[in-house]
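Scroll down for the structure; my scribbles are underneath it.
The numbers here are math on the coordinates, done by the rules we state, and not lab data. What you are looking at is a predicted structure, and each value in this text was computed from that prediction instead of being measured. For neighbour counting, all protein chains shown are included, and Cβ atoms are generated from backbone atoms with ideal geometry for every residue, glycine included.
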Amino acid sequence: MPGRDREFAATPQTVKRHWAILRNGHRSAAQPKARREGVRRSPFVVRQVGILGCGSHLPERLLTNVELERMVETSDDWIVARTGMKERHLAAAGEATSDLATAAGRRALANAGLAPEDVDLVVVATTTPDHYCSPSTAAIVQHKLGLTRAGAFDVNAACTSFVTALSAAHAMVAAGTVRNALVIGAEKLSTVVDYTDRETCVLFGDGAGAFVLGTDAAQGELLDHLLGADGSGAELIQVPAGGSASPARADTVTASRHFIQLRGRQVFRFAVAKMAEVVEELLVRHGASLDDLDLLIPHQANLRIIEAAAERLRLPMERVFVNVERTGNTSAASVPLALDEAMQTGRLKKGALVCLVAFGGGLTWGGSLLRW
Ligand SMILES: CC(C)(COP(=O)(O)OP(=O)(O)OC[C@H]1O[C@@H](n2cnc3c(N)ncnc32)[C@H](O)[C@@H]1OP(=O)(O)O)[C@@H](O)C(=O)NCCC(=O)NCCS
């Protein structure tokens with residue numbers, strides 16, 4: 001197709017023009033007028049992206065180890081020794097994931113000083129959406145928060161969902177296709193936990209955490225993200241029924257196939273190795289070393305996983321943020337909940353190099369590097 005070849009031939013002039021577009025955005029005769037009238041610039045200009053604000057929400061009800069002792073054959077000593085967990089929060093019966101997400105999102109917007117109409121995009125990272133097919137939880141949150149100008153979609157990469165959503169929203173803000181994005185990790189895991197199964201019911205909790213992203217790096221500049229997956233490990237953490245592979249039927253309910261099942265020991269080994277690998281790779285990509293890392297904020301799945309990964313990295317625990325004793329594993333909510341708490345408690349100092357890292361079902365893993 002000679003016509004096409006001509007169209008895409010990279011002459012010195014076209015190369016120069018494309019670089020100018022990357023730096024300044026598209027310019028046309030109509031654009032100065034459009035800009036005067038408040039029409040947004042054309043997309044696809046790489047911009048710096050920062051966290052303008054964060055917020056989180058934990059439901060009121062506490063489920064303590066002592067209470068779990070009365071529900072299944074377990075003990076406070078076993079749970080603390082094997083997981084580091086003391087208590088976790090559970091949403092009320094009438095509370096959905098979108099309610100938790102909305103509460104965290106509202107706090108993040110207030111912290112950022114933004115009005116609902118300033119938000120162009122809301123992404124909800126979750127494995128426990130309000131509805132399994134439609135609508136997305138993000139669409140429900142869009143309505144509950146009155147984000148009248150925002151597009152909305154959900155992201156599911158199990159416990160890696162938030163880092164995945166952050167990476168996608170970062171790219172969209174950097175490209176200029178949206179100005180401000182609200183990224184929320186929210187879970188009501190208590191709906192997929194079998195409270196008669198001692199191997200899983202002690203591990204999980206409900207909650208939500210949120211970041212507002214924009215082009216002002218006021219609180220923290222996002223530097224990079226790394227994502228990975230290995231679907232050959234799909235069966236290590238799964239809810240077997242309820243999806244297209246095994247639709248909900250009376251027999252799937254009777255067989256308890258709508259609850260989380262996991263092979264804890266195998267996940268443990270994978271998690272320790274991957275967390276260390278992701279942190280090292282992100283640092284190397286930025287010419288930094290572990291000495292430069294001020295704070296690691298890991299997915300809070302188990303204190304022993306976090307400690308083993310820190311040991312592998314030779315990173316002292318003083319530079320690792322942990323709140324698993326009070327939250328349990330909140331999956332997609334875990335990393336933003338932890339970062340918000342780190343901010344509230346003064347653990348994030350201006351200029352600090354911070355690494356977020358997560359792993360989970362899929363199998364999936366990922367990390368983000370940011371300068372606070
Ligand atoms: C689940 C986990 C806490 C178990 O800890 P562990 O040290 O690996 O324990 P083990 O699997 O070796 O089990 C030890 C024993 O405790 C028992 N046990 C399991 N849950 C128990 C509980 N709540 N209370 C008391 N005993 C329990 C097991 O039945 C097993 O008994 P056995 O030796 O007689 O067979 C740990 O492996 C883990 O955190 N894995 C990752 C969890 C995960 O996948 N999270 C979601 C993804 S992010």
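The angle between the Cα long axis of helix 12-24 and the longest principal axis of the Cα atoms of the chain comes to about 50 degrees, rounded to the nearest 10. Just to be sure I understand the curve: with the Debye formula and one point per C-alpha of the chain, what is log10 I(q)/I(0) at q = 0.10 Å⁻¹? Once normalised to I(0) and log-transformed, intensities are -0.64. Between the amide H of residue 152 and those of 122, distances stay under 5 Å, these residues lying 5 or more places away or on another chain, with hydrogens modeled in the peptide plane. Dividing the convex hull volume of the alpha-carbon atoms in region 50-219 by its residue count gives 115 Å³ per residue. Relative to the dominant Cα principal axis of the chain, helix 97-112 is inclined by about 50°.
If R0 equals 22 Å, the separation of the Cβ atoms of residue 266 and residue 229 corresponds to a calculated FRET efficiency of about 0.85. Residues in region 123-141 near a label at residue 191, defined as backbone nitrogen under 16 Å from the 7 Å Cα→Cβ point? Hits in region 123-141 for residue 191 at 16 Å: 124-141. Rounded to the nearest 10 degrees, the angle from helix 303-313 to the longest Cα principal axis of the chain is 50 degrees. For residue 61, the residues whose amide H sits under 5 Å from its own are 90, ignoring neighbours fewer than 5 places away on the same chain, with H placed 1.01 Å from N. Centre-to-centre, using Cα atoms only, region 151-173 and region 334-352 are separated by 20 Å. Using the rule -39500 (n - 2.57) for each DSSP H run of four or more residues, divided by the residues of the chain, the 222 nm mean residue ellipticity is -10500 deg cm²/dmol.
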